[in-house]
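Student: Sharing a structure with you now.
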Amino acid sequence: MADSDVVSLQWEGIPALELRAGETRALLLPGFGGHLISLDDKRTSYLRKPRNLGEYLILPEAFGLPVLFPPNRIEGCRFEARGQKYLLPANKGNQHLHGFLYQRPWQVDRIAAENGGAEIGLSFTSPAGGEVYRWFPHPFRARLIYRLEEGRLSQEVFFENSGDKPMPLMLGFHTAFALPDREKSPEAYRIRIALGDIQHEAGPPMTDFRSGRILKKGEKVFGQFLAGSFTGEDGRLFHGAVIENVKTGGKLYYQTDEQFAYWVLWNQDGNDSFLCIEPQTCAINAANMHQEKDLFGFKMLDAGAVFKACNLLSFS
């Protein structure tokens, strides 16, 4: 059984926690969005890690595994649901991008190393009258539990509505996968994603990754997809994505909870060595398209209710 531990250290002068299990490492910044910014072993890096603090602060959502609540963009920084009007802060033109949690401090409420795994629990509480409450007038508590074992990282996520009325539930992860061998070989990776019917989003023509195909350097990917499933190598249905290193045969599996029924893909200009595969519970701008019905993934979480989901990253 692999040795495991959770170690306190500094990254670029910032307090950080490193989960260790055998040769596998994951680095987490509780004070910066509870952001897990790297996942690697002696062979390779699996998540895109910032080279320094300056690079990270320019675009934190382009690294690691940030939490987006609400995900992606809200057009006009406003929406309405169940008679409640919401006005969010503008952070990109006349849009609100990526929500309230990925840059705010989270509290560490659990550290454990047992049974070959290292575990960290973090929470973010938004009370009535707090900073987030002025834009999102619902008290709630979010919680993340990361467990690292050699060759795999599991993520449990919880959102509890602490108030007395339903609240919008829109959640996603801007998961940035590193493609380190792409510098040597521009067509080093084959991507397969479980997709349902493809929904077109503004931008370049979208590519269908259902059957698995080489991601070419310079190929810009931006699109919104409906998530489906395919039969995995073990014969079970797989809801997620597989990134294969063509040269080494190594594979990374990103299996997400079926409640994440929408995917957004993004890789900037297509020339950098990363690909963001972003599972979301709702479509982009779903808050302005839901028409008071359960459309485009827009949902309301009842008073006192808890949303729970589990995701898994594993590699071979």
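Every number in this text was worked out from the coordinates using simple rules, so none of it is lab data. A quick note: this is a predicted structure, and the numbers were derived from the prediction, not measured. Cβ coordinates were reconstructed from backbone atoms using ideal geometry, including for glycine residues, and neighbour counts include every protein chain displayed.
Student: Quote to one decimal, in nm, the extra length available between D269 and K42 on full extension: 0.36 nm per residue of separation minus the C-alpha distance between them.
Tutor: Result: 78.9 nm gained on full extension.
Student: Taking the Cα centre as origin and putting +1 on Lys and Arg beta-carbons and -1 on Asp and Glu beta-carbons, what dipole magnitude results for segment 1-144, to the nearest 20 debye?
Tutor: For segment 1-144, the charge dipole is close to 620 debye.
Student: Okay, next question. Please rank L87, L9, fewest neighbouring Cβ atoms within 10 Å first, as an exposure proxy.
Tutor: Result, fewest neighbours first: L9, L87.
Student: For segment 1-43, run through the trypsin sites (Lys or Arg not before Pro) and keep only the ones in DSSP coil with at most 13 other Cβ atoms within 10 Å of their Cβ.
Tutor: Hits after loop and neighbour filter: K42, R43.
Student: Which entries of K251/K299; K217/K251; K42/K299 have Cα-Cα distances beyond 30 Å here?
Tutor: Pairs exceeding 30 Å: K251/K299; K42/K299.
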